[in-house]
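Q: The following block contains the structure, expressed as structure tokens.
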Amino acid sequence: MPRPYEEALAAFWHPVAFSRELNERPLAFRLLGVDGVVWRTASGVAATQRYCAHRGADLCDGEPVGEGLRCAFHGWTYGVDGGCVRVPSQLSAPISQKARLAAYRCAERYGLIWVCLSATPSAPLPEWPELEDGALATVALPLLDWDVSAGRMMEIVLDVAHLSWVHRGTFGNPEQQEVPAYDVERHASGLRTRIVYPALGPSIGGAPPRVDKTTLTYDVTLPFSVRLEFKPTLFYTHTVYAVAQPLSEEKMRCFYFCSYHPKIRNFGEMFVKSELAILEQDRRIAEGQRPKAHPLGFDGEVHVKADRLPIEYRRAMAALRLGQAPDDPRME
Ligand code: FES
Ligand SMILES: [Fe+2]
């Protein structure tokens, strides 16, 4: 039997905010059906349940003090482990053991705040060392709030066959409908694939767009992160990072950003404009898919070899839920 969605995914790190959003005020988040709050402490970041153990006040209205968080209603103060350390209305009395919030693991990396709801994460954060050596510039899109499961979103990002259909009018090449065979490598934390796609470059000065043989390298870190490098011949190499936050089994929010060589002028503006148009094409398709939850099995839909990468992803996610090695998917 597969473990329930929330239980199986609670042991992974998920993004809950861009770092730049978390300032001096605590910030609410929703993750796998849990309402939480994150705040900056004197030494880092911390996360607990959102509502105060005393009278259920919203701790987003509270105030970070040193390592802890003070509730706005009666000033009870909680430490990063969730334990109450101060009850101002009766300072000399012992503090009840029940005065405690659920506390979560919290980390800050790659310009994101990450939370793991379980005390022991079963996998580390994705490894993207190029984002930490300072050699690349990055630009982020506004948050993508799609009415779709994180697994469905991942599958559309990993879908090779849709490029020539869904992305007509942006970079998709309607002349290239067949998908040449490609391999998918499995590794300890995810999947890796490389394909070459004859993308259409931007049309310049009214001239017809030129075909640009683009090498796409997909690197998946389970459960919901993908790094996708675009290496065109006529345009700039850039790398996109899509990291989904599963709000529930049927709804996600995606943090989407890109790294590029800092000498490329105006890249950030160009990227945001063109990427939002591309992602809007994906959103319309993904939100229309049923069932909304990411199917765990292979029976309800039909699979062909061109779907190899999304199939491998689904198989890996099914294994994660089942806690066992998946069988070969059925393909026609
Ligand atoms: S409700 Fe938070 S201190 Fe009373
Ligand atoms: Fe797409």
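Q: If residue 141 satisfies all but one of (1) in the same structural domain as residue 312 (by TED's automatic domain parsing); (2) more than 30 Å from residue 190 (Cα to Cα), what's the number of the condition it fails?
A: Unmet condition: (2).
Q: From the list 207, 242, exactly one residue is farther than 24 Å from residue 143 by Cα and either part of a loop (DSSP other than H, G, I, E, B) or assigned by TED's automatic domain parsing to the domain that holds residue 173 (or both). Which is it?
A: Residue meeting the stated conditions: 207.
Q: OK, next. If you scan region 274-326, which residues turn out to be part of a loop (DSSP other than H, G, I, E, B) and of a type in the set (D, E, K, R)?
A: 290, 292, 299, 301, listed by residue number.
Q: Show the residue pairs meeting these rules: Cβ distance below 6 Å; 6+ apart or different chains; first residue within region 40-62 and open to solvent by 50 Å² or more (accessible area, probe 1.4 Å); second residue more than 16 Å from ligand 2 (Cβ to nearest atom) and charged (D, E, K, R).
A: Qualifying pairs under 6 Å: 42/67; 50/35.
Q: Condition test on residue 146, is it touching a Cys at 6+ places or on another chain (Cβ under 9 Å) and of a type in the set (Phe, Trp, Tyr)?
A: It is true that residue 146 is touching a Cys at 6+ places or on another chain (Cβ under 9 Å) and of a type in the set (Phe, Trp, Tyr).
Q: Next question. Of all residues in region 36-79, which are more than 15 Å from ligand 1 (Cβ to nearest atom) and under 30 Å from residue 149 (Cβ atoms)?
A: Across region 36-79, the qualifying residues are 36, 38, 45, 46, 47.
Q: Do any strands (runs of 3 or more DSSP E) entirely within region 3-97 hold 1 or more residues that are over 23 Å from residue 143 (Cα atoms), and if so, which?
A: In region 3-97, 63-65, 68-70, 84-86 are the strands (runs of 3 or more DSSP E) which contain 1 or more residues that are over 23 Å from residue 143 (Cα atoms).
Q: So which residues in region 180-195 are part of a loop (DSSP other than H, G, I, E, B) and open to solvent by 40 Å² or more (accessible area, probe 1.4 Å)?
A: 180, 181, 183, 188, 189
Q: Which numbered condition in (1) in contact with an Asp or Glu (Cβ under 9 Å, 6 or more places away or on another chain); (2) open to solvent by 60 Å² or more (accessible area, probe 1.4 Å); (3) among the basic types (Lys, Arg) is the only one that residue 263 fails?
A: If we test residue 263 against (1) in contact with an Asp or Glu (Cβ under 9 Å, 6 or more places away or on another chain); (2) open to solvent by 60 Å² or more (accessible area, probe 1.4 Å); (3) among the basic types (Lys, Arg), just (1) comes out false.
Q: I need the full set of residues from region 122-156 which are in contact with a Phe, Trp or Tyr (Cβ under 8 Å, 6 or more places away or on another chain) and not in a loop (DSSP other than H, G, I, E, B), in order please.
A: Result: 131, 137, 138, 139, 140, 144, 150, 151, 153, 154, 155.
The values are calculated or read from the model by the stated rules, or taken from the named source; none is laboratory data. Just so it is clear, the structure is predicted and the values come from calculations on it, not from any experiment. Reconstructed Cβ throughout: ideal geometry from the backbone, glycine too, with neighbour counts over all protein chains shown. Surface accessibility is based on the protein's heavy atoms, side chains included, excluding ligands, DNA and RNA. Shrake-Rupley method; radii C 1.70, N 1.55, O 1.52, S 1.80 Å.
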